[in-house]
Amino acid sequence: MEEFNMKAQETHTLTKVVCNCCGKEIPLVREGIWEEYFHGEKSWGYLSKQDGRQDSFDLCQECYEKMLETFKIK
Ligand SMILES: [Zn+2]
């Protein structure tokens, strides 16, 4: 989950990134630079079960690795 500073009109500055899986905040390396994390985004079509929904989520490196472990085909 990426949180933006909506006050900045044109450039929505990223202020905080939280892992959607474990709720941990992604650590800042330095001003504006976060430790690497996985960002997923999908706009579902209207014919899908999700019916036009827009999904996005972020995962820390540990949760990303755990997610890969659950795949049958690596
Ligand atoms: Zn996590």
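The values are calculated or read from the model by the stated rules, or taken from the named source; none is laboratory data. Not measured: the values here are computed from a predicted model. When the accessible area is computed, the model is the full protein with side chains, heavy atoms only, and any ligands, DNA or RNA have been set aside. Shrake-Rupley method; radii C 1.70, N 1.55, O 1.52, S 1.80 Å.
Per residue, the chain reaches -3500 deg cm²/dmol at 222 nm when only DSSP H runs of four or more residues are counted, each adding -39500 (n - 2.57).
How many angstrom lie between the Cα centre of segment 19-37 and the Cα centre of segment 53-73? Going from one Cα centre to the other spans 15 Å.
Phi angles of segment 13-20 translate, via the Karplus equation with coefficients 6.51, -1.76, 1.60 and θ = phi - 60°, into HN-Hα couplings of 6, 6, 10, 7, 10, 10, 5, 5 Hz per residue; Gly and Pro are given as x. Close Lys pairs in segment 2-69, defined as Cα atoms under 27 Å apart and 8 or more places apart or on different chains, number 10.
The GNM of the chain, with springs linking C-alpha atoms under 10 angstrom apart, assigns the highest mean-square fluctuation among LYS24, LYS16, LYS49 to LYS49.
With springs only between Cα atoms under 10 Å apart, run a GNM on the chain and tell me which of GLU41, GLU62, GLU31 wobbles the most. The residue that fluctuates most here is GLU31.
Of the heavy-atom accessible surface of the chain (probe 1.4 angstrom), what whole percent is carbon and sulfur? Its accessible area is 53 percent carbon and sulfur atoms. Amide H to amide H distances under 5 Å link CYS21 with CYS60, where only residues 5 or more positions off or on other chains count and H is placed in the peptide plane. Note on PHE71 and HIS12: the extension gain reaches 17.8 nm, defined as 0.36 nm multiplied by sequence separation minus the Cα-Cα distance.
Over the chain, with the other protein chains present, what is the accessible area per residue in square angstrom, probe 1.4 angstrom?
On the way: 6230 Å² over 74 residues.
Using a 1.4 Å probe on heavy atoms only, each residue of the chain averages 84 Å².
Compute the relative contact order of the chain as a whole-number percentage, counting only Cα pairs closer than 8 Å that sit 6 or more residues apart in sequence.
Numbers: 104 pairs, mean separation 18.7, N = 74.
Relative contact order, the chain: 25 percent.
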